[in-house]
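Only the coordinates and a few stated rules stand behind these numbers; no lab work does. Keep in mind it's a predicted model, so treat the numbers as computed, not measured. Please note: Cβ atoms are built from the backbone with ideal geometry, for glycine as well, and neighbour counts cover all protein chains shown.
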Amino acid sequence: MASVKEMRTRIGSVKSTQKITKAMQMVAAAKLRRAQAAAESARPYARSMANVIANLAAGVSGPSAPLLLAGTGKDQRHLVVVATADRGLAGGFNTGIVRAAREKIAGLLAAGKDVKLITIGRKGRDQLKRQYSARILESYEVGIKTANIALVKPIAQKILDLYQAGEFDVVTLVYSRFKSVVVQQPALRQLIPAEVENTDKGSFYDYEPDEDTILEALLPQNISVQILSALLENQAGFFASQMAAMDNATRNAGDLINALTIQMNRTRQAQITKELIEIISGAEAL
């Protein structure tokens with residue numbers, strides 16, 4: 001059994017850990033508000049761009065359709081872009097994204113597809129390289145700052161260069177969709193060929209220049225926008241998960257401190273009782 005001094009030292013160590021987890025919880029809560037606002041602000045822009053592309057795509061068909069919209073006509077070579085956070089201490093946030101990515105990869109490999117990976121975030125890279133190191137083409141780090149278009153542009157350009165070189169037929173993005181402070185859901189979004197959503201069939205627009213020219217300029221930009229929106233969703237989800245994880249860690253540390261304090265008091269009481277018995281026994285012997 002540990003001595004009273006050893007237990008005091010351990011209690012002090014747990015209290016120090018509790019202070020750290022409490023501070024991290026408060027920092028995550030402060031950053032969450034900004035990250036949530038950024039993610040929610042990006043959604044209308046990404047949604048509007050998807051609607052414009054869908055409306056333009058309705059007037060384009062056949063061989064004249066841009067490659068990013070029509071695709072290569074094949075479904076053999078896949079590129080999976082996995083976006084996670086650079087840091088941990090956020091519960092199962094990063095693990096959930098990587099699990100969804102592994103399920104997607106396993107399904108493609110089981111179907112006989114050729115799969116390559118691009119990772120965004122150190123945690124995704126570190127987890128996936130254990131099993132798929134030979135399939136990772138490029139890895140990018142998110143950093144501690146809020147995601148912006150300057151961060152996303154090189155990633156989108158790399159994807160476009162590989163696709164235009166005929167390296168892939170389909171590109172899929174795996175990330176975490178922020179739904180609320182307590183709910184973050186791993187999601188998959190097809191970047192290439194661009195997914196065309198249903199739009200209002202009663203709305204008609206005349207575009208100048210023609211639809212093909214606009215789509216040629218808009219589709220590459222759409223990849224950057226969709227990746228940026230996903231990274232902003234990831235950041236909000238990361239801070240929400242970290243806040244919850246640090247709150248749980250703080251409460252668990254408190255429970256451990258209480259349990260150790262009770263155990264220390266019992267140990268100290270047992271020592272006092274033992275000393276009293278020894279004194280009384282010695283006095284009676286005299």
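Some values worked out for this structure:
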| quantity | calculated |
| --- | --- |
| 30 Å Cα-Cα threshold exceeded, pairs from 74/145; 116/153; 145/179 | 74/145 |
| Size of segment 1-152 as Cα extents on the principal axes (Å, biggest first) | 81, 38, 22 |
| Cα Rg over Rh - the chain, Kirkwood | 1.24 |
| Pair residue 165, residue 276: separation of 7 Å Cα→Cβ label points (nm) | 8.2 nm |
| Point-to-point label distance, residue 259-residue 130, nm (Cα→Cβ direction, 7 Å offset) | 2.6 nm |
| Linear extension gain, residue 89 paired with residue 267, 0.36 nm per residue minus alpha-carbon span | 60.6 nm |
| Potential extension, residue 141-residue 51 segment - 0.36 nm per residue separation minus Cα distance | 29.4 nm |
| Over segment 28-242, relative contact order from alpha-carbon pairs under 8 Å, at least 6 apart, % | 36 percent |
| Residue order, fewest to most surrounding Cβ atoms within 10 angstrom, among 192, 97 | 192, 97 |
| Kyte-Doolittle mean at least 0.0, axial Cα span of 20 Å or more - DSSP H helices of the chain | 93-110, 149-164, 211-285 |
| Beta bridges by DSSP in the chain, antiparallel share as percent, to the nearest 5 | 35 percent |
| Rough spin-label spacing in nm, given labels placed 7 Å along Cα→Cβ, for residue 181 and residue 103 | 2.7 nm |
| Chain lengthening between residue 216 and residue 158 when straightened (0.36 nm per residue, less Cα-Cα) | 19.2 nm |
